[in-house]
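The values are calculated or read from the model by the stated rules, or taken from the named source; none is laboratory data. Bear in mind the structure is a predicted one, so any value in this text is a computation, not a measurement. Methodologically, a virtual Cβ is constructed for each residue, glycine included, from the backbone with ideal geometry; neighbour enumeration extends over all protein chains shown. For the accessible areas, the whole protein counts, side chains as well, though only heavy atoms, and no ligand, DNA or RNA atoms are used. Shrake-Rupley method; radii C 1.70, N 1.55, O 1.52, S 1.80 Å.
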Amino acid sequence: MPADRVGWHTVDSSQTTILAGSNPEVHMSQSYDRGLVENFGRWTEFSAGMWAWVFHKFTGWVLIGYLFTHIAVLSTAIEGASMYNGTLQGLEALLIVRFMEVGLLAVAVFHILNGVRLLFVDLGLGLDAQDKSFYASLILTGAIAVASIPTFLGGAF
Amino acid sequence: MAEHYTSFSRDDTRWLLQRVTAVFLVGVLAFHFMLLHFVHHAYEITLAGTTARMSQPGYFITMVSFLIAGTFHGVNGVYNALVNQGIEGTPRTIVKYGLIIVSLLLIAQGIRVAWAMTGGQLI
Amino acid sequence: MSTHVSESESEAQAGTDQQTTDRPAAQQRRLEKKRASNDQREQADSSTETDEETVHLKVFRYDPEVKDKQEPRFDDFHVPAKKGMTVLDALIYSRDHYDSSLTFRHSCRQAICGSDALFINGSQRLGCQTQIDELDQPVRVEPLPHQEVVKDLVVDMEHFYDQMDTVEPYFQEEDLPSGLDEQRQDRENREKIKMSTRCIWCGACMSSCNIAAGGNYLGPAAINKAYRFVMDEREGEDLKQQRLETIEEEQGVWRCQTQFSCTNVCPKDIPLTEHIQELKREAVKNNLKFW
Ligand code: HEM
Ligand code: HEM
Ligand code: SF4
Ligand code: FES
């Protein structure tokens, strides 16, 4: 494949206007670089299925990251009660941790709901409602996260 | 051809296990959150409480299964994502065995912790 | 440069007269949309004088052999609007009247040949199947994303065709059922593969898929082709196993992330994601049998 062919570019250019009957005029413009970003450069055009994919990925990574941290923190149990209680209660006393836990809940809830949606997609069930079920997952996630704030922040202030 | 299909590393096996663990995780993860945020508040957790739960065999087995299923599901998910990004050849082999080792370590540590949490009183 | 006014009208009529039951949902939806836009068009026609209006196109230009066009740019064309005008009609008009170097592929003008899949206002569509009056203006016309641009709107389809060839997209059974000298297919089986046979190799699906972009993923069209033959009962068990093995390769069905991008853009309304998912399950079932 000759190197001088261009690949995909999003070009925003100074434009030539060719009115009916006039001759074409020529103007130069710059082109964007190719690269990984180019796919995500089009994020405004993503459809429901694409967003679901992006969010599922993100939440999956957060969860596995959390699992490693979680086991590390719980490992204090090996050192005995005062260490364990001290660490957990020390963490829970931090307001930032409380907020992060709400975030974690939201992440987990979305991953679960969209995960169930994906399981249905895998079974070939309800494919026509795949976009609606994604929006429903989002809305439910939001609602559950908001509703849990009192419980999660309880006693933190 | 049959022997070809018994290999455990086939892509379809990992695909299926990813879904099977997902089904299991739906239940336990929801249960875990309910239990440790709504039934018991997270800020009230003490080792005594943890021990009381963990020394019940059913709970212990559930948590260890949770640990194993979650680790497989999460790490396999990460591996799939990297394969989708087009990782190949040596880097891929390194990543693959790296992830396997990390998972085994996590599971081992998790079980050690879970055992310590029982306070040696698993009935 | 004919705008097929009369054609589209008779088509609209056929659309309304036909029974709407028993049709796949996507097709149903498309017909409804079509009907709605036809109604709209009729209303618009009675109130405005269409030939006074112009259509504003912004067209991607690139030509490695012309110094001024080595850097991609967009050109603007203002084309007199016609009733029933498609994006392809507008492009043809622009080429014939303003700039004879404007390059794009087209042939059938009726969504059959698959030559004119383009990136129109941010999504993959056939130029000949896309009515101008359904689009916001200016209408941005670009070559298919994720393929190398050869010239203007023409992209290199080589990779796409290679992927199609991988699945050996032709009927292969040699054995004839005893007592017959033809391969007969029963109605249910024909119905099962019906949608999958409609592919026109336009490449829109492949272009819309961000997993296929830049990688070696077999892609929706090729997998759909494989589906068409895997599910065809006239091909024997051995062939089926062979075909399943191909789509189970690492770059086969497992790469699909069920984003539905391909299903959303397919101009023939093929339920691509559904077919890919069914093949995944088929592969799993098939391999479980051997345990
Ligand atoms: C902020 C929310 C969470 C809190 C407060 C929490 C708290 C705990 C506590 C206190 C234990 C010890 C067992 C017990 O006391 O019953 C535990 C165990 C466990 N948690 Fe969580 N957890 C949370 C979220 C998660 C999430 C999101 C995951 C999955 C990614 C997870 C996975 C586990 C596992 C696998 C164990 C068992 C550990 C082992 O076997 O050593 N937890 N969690
Ligand atoms: C609670 C129920 C859960 C369900 C229903 C679920 C469902 C799923 C499904 C179906 C996928 C596959 C997506 C695909 O391959 O197309 C997936 C991916 C993933 N999951 Fe889960 N999951 C759950 C819990 C978890 C947990 C606890 C973790 C972390 C420990 C996790 C981490 C991941 C990761 C990292 C991925 C890969 C994301 C990617 O593609 O980059 N999931 N999940
Ligand atoms: S499956 Fe649809 S979008 Fe893909 S090549 Fe065939 S007709 Fe075009
Ligand atoms: S010109 Fe043949 S499909 Fe559009």
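Computed values, structure above
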{"item": "Low-density loop positions, chymotrypsin sites (Phe, Trp or Tyr not before Pro), region C:147-195 - DSSP coil, at most 10 other Cβ in 10 Å", "result": "C:Y170"}
{"item": "Point-charge dipole on Cβ atoms (K/R +1, D/E -1) for region A:52-146, about Cα centre, debye to 20", "result": "120"}
{"item": "Residue-wise HN-Hα coupling along region A:101-115, computed from phi with Karplus coefficients 6.51, -1.76, 1.60 (Hz; x: Gly, Pro)", "result": "5, 4, x, 4, 4, 4, 4, 5, 4, 4, 4, 5, 5, 5, x"}
{"item": "Semi-axis lengths, Å, region C:49-148, gyration tensor of Cα atoms, sqrt of 5 times eigenvalues", "result": "21, 16, 12"}
{"item": "Entries of C:K33/C:K280; C:K33/C:K82; C:K83/C:K225 with Cα pairs more than 25 Å apart", "result": "C:K33/C:K280; C:K83/C:K225"}
{"item": "Sites C:S178 and B:L99 - FRET efficiency at Förster radius 45 Å, r taken between beta-carbons, to 0.05", "result": "0.25"}
{"item": "Carbon plus sulfur fraction of accessible area for region A:47-157, probe 1.4 Å, in percent", "result": "79"}
{"item": "Label-point gap, in nm, between C:R29 and C:E191 - each point 7 angstrom along Cα→Cβ", "result": "2.3"}
{"item": "Accessible area that becomes buried as A packs against B, both chains, 1.4 Å probe, Å², nearest 100", "result": "2800"}
{"item": "Simple spin-label estimate for B:A30 and C:Q110 in nanometres, 7 Å along Cα-Cβ", "result": "5.3"}
{"item": "Estimated inter-spin distance, B:R92 and A:Q89, nm [label 7 Å along Cα→Cβ]", "result": "5.2"}
{"item": "Relative contact order computed over region A:47-157 (Cα-Cα under 8 Å; 6+ residues apart), in percent", "result": "37"}
